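Some notes on the structure that comes next.
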Amino acid sequence: MQKRLQSIKRVIAVQEQLRRLAEGKLADLARREAGLHTSRRELVGALNEDQALHGLFIEAMARRVTSLSKDLAKVERAKEVQAKHLREETGRLKRAERIAGSLDREYQAALDKKELAELIDRLVSQGTPESGRSLAVDPVRDDGPTPEDAGDGAPQSRRASLR
């Protein structure tokens, strides 16, 4: 059980790394998208200005704006794909964490059960200090009616007669 718990913890560590990597890629795409938006906004602003040499560069600026728009569309699609990938990685991480939590609870329960059994065995082997007898209980046997049972016909348990 402890081996499985260690194994799932390693899986969680890998899943966390994969999720961080996916987050980093998504952040890079977002920065690239912001940069493309800024460049396009600056070019459109330059196209809208009235300058003396403005007419010489209109065609080149228009091609650059078109190119930036195409690049922006590609980045937006890549960003959507990366966001989906990030959601998948997050789901895998959460599943691994749930499995680890379940295994950890099972492992702790097994440890608690073992500790309780050891404590009970220790107490039984030590006995009670005031009586000097062991706490071990003799198994209750039912060999049929005893002479005490013959009185009213109702069987009495052996435990009741020990009191």
> Quick one: length gained pulling Tyr107 to Arg92 fully straight, 0.36 nm per residue minus the C-alpha distance?
Replying inline: 3.2 nm
> What is the set of long-range amide H partners of Gly127 at a cut-off below 5 Å, with H atoms built 1.01 Å from backbone N?
Replying inline: Leu135
> Once you put a point 7 Å from the Cα of Met1 and another 7 Å from the Cα of Glu115, both along the Cβ direction, what distance in nm separates them?
Replying inline: 1.3
>> What does the extension gain come out to for Ala73 and Glu59, with contour length at 0.36 nm per residue minus their alpha carbon separation?
In response: 2.9 nm
> Between Ala83 and Thr38, what FRET efficiency comes out of the Förster formula 1/(1 + (r/R0)^6) with R0 = 22 Å and r the beta carbon distance, rounded to 0.05?
Replying inline: 0.55
>> I'd like the carbon and sulfur percentage of the solvent accessible area for segment 1-108, probe radius 1.4 Å, heavy atoms only, ligands and nucleic acids excluded.
In response: 53
> Once the piece of chain linking Ala46 and Val14 is laid out straight, how much longer is it, given 0.36 nm per residue of separation minus the C-alpha distance between them?
Replying inline: 6.7 nm
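The values are calculated or read from the model by the stated rules, or taken from the named source; none is laboratory data. The shown structure was predicted, so the numbers you read here are calculated from the model rather than taken from an experiment. Neighbour counts are summed over all protein chains in view; Cβ atoms, including those assigned to glycine, are modelled from backbone coordinates with ideal geometry. SASA here: full protein model, heavy atoms, side chains in, ligands and nucleic acids out. Shrake-Rupley method; radii C 1.70, N 1.55, O 1.52, S 1.80 Å.
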